[in-house]
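Since the structure comes first, as structure tokens, the remarks are kept for the end.
The values are calculated or read from the model by the stated rules, or taken from the named source; none is laboratory data. Keep in mind the model is a prediction, meaning the values are calculated, not measured. As a convention, Cβ positions derive from the backbone with ideal geometry for all residues, glycine included, and neighbour counts pool all protein chains shown.
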Amino acid sequence: MADPRFFSVAGPFTLQELAGIADAELSEVSNPQSEFTDVAPLDTAEAAHIGFLDNKLYTEAFSQSRAGACLVHPDLADRAPEGMALLLTKEPYHGFARISRAFYPLPEIQAGIDDGAAVDETAVVGDGTRIESGAVIGPGAEIGSQCLIGANTVIGSGVIIGQGCQINASVTVANAIVGERVIIHSGARIGQDGFGFALGPEGHLKVPQLGRVMIGDDVEIGANTTIDRGSGPDTVIGTGTIIDNLVQIAHNVQIGKGCVIVSHVGISGSTKIGDFVMIGGQAGFAGHLVIGSGARIGAQSGVIRSIEPGVTVQGSPAQPAKEFWKQVALLARMAKKKKKD
């Protein structure tokens, strides 16, 4: 069970209710009216808990689990211990996510503006929004309804925040238009200057950065991530994109919808990334590239050339993953041969 000092659990729910939430089928041995009080990992779950099996590496833990119920792919149902109720689905992890959200819904926002917040008289704050102590809302800013603006967060002049957004503590948002239901985690910096300079032997002249950051609906931005505003064109983050902690996105970058960007990624200016691109941790991108939709970038890849749609790359410099792993295997064989010699 999650620590009650930090998380409040809802429920209980009947097995039939949970099956409906997860869009799963109950196995024949399941009692639809049996009640469950929480989610739990397979190895610590008890009779009133529900777990999930999504990775075959944990099949043994599933077979030995004391969980009263489990979400599982039909192909692995025969590995369940006797008496365990099964919620059968081809997407156990998705089902578990839905059930977890039912047990642990987001806390209701207690609307109001704390006395310690500073809200400019020309700013507009929607109904049901909470602005916590130390937050600053600049002139002409617009905050939608049912939002949370965390402690010590600064929303700059003219910024627009759509409804249902959660902007956590110590975030700065400037020169930005933010969609609906966006989550920005603590310490993120949105809309600061891009790294634009005219270089020269007598010094480097700063170029004004005159664009914005445009963030679509249902985007999540991790803690201490930075997204520079455009230099003239806008920096764009597409709808449904998920960005992890400590990611750097430079000016004029355009990211499509549904992308997943893991921590420590750095994307140089004016790179265009298509829809549903997946980028592994610590990957780095040169500027002015085009990354096709559905491409997959392996962790620690150094991307210096554009990538066609649907291609998986790995390595530095990045190359098609099959070629990279062939080279790794070849080097290993050469090293082994030399050692024998």
Test result for L205, over 28 Å from P107 (Cα atoms), assigned by TED's automatic domain parsing to the domain that holds V262, touching a residue at least 12 places away in the same chain (Cβ under 8 Å) and surrounded by fewer than 20 Cβ atoms within 10 Å (Cβ to Cβ): no
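One line per residue, one yes/no per condition, for (1) in a loop (DSSP other than H, G, I, E, B); (2) crowded, with 22+ Cβ neighbours inside 10 Å:
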residue	(1), (2)
S63	no, no
A67	yes, yes
D75	no, no
L106	yes, no
I109	yes, no
D115	yes, no
P139	yes, no
Residue that is surrounded by the fewest Cβ atoms within 10 Å (Cβ to Cβ) [pool: residues in region 1-31 that are under 26 Å from the mean Cα position of the chain (by Cα) and acidic (D, E)]: D3
Taking A295, is it within 27 Å of A188 (Cβ to Cβ) and either surrounded by fewer than 22 Cβ atoms within 10 Å (Cβ to Cβ) or not assigned by TED's automatic domain parsing to the domain that holds T225 (or both)? no
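Okay, residues lined up against (1) in contact (Cβ under 8 Å) with a residue 24 or more places away in the chain; (2) under 30 Å from S30 (Cα atoms); (3) crowded, with 19+ Cβ neighbours inside 10 Å:
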site	(1), (2), (3)
F103	yes, yes, yes
E142	no, no, no
N152	no, no, no
V178	yes, no, yes
Looking at (1) in a strand (DSSP E or B); (2) more than 30 Å from the chain's Cα centre (by Cα), find the lone condition where A47 falls short. (1)
In region 302-337, the residues that are in a helix (DSSP H, G or I) and under 25 Å from the mean Cα position of the chain (by Cα): A321
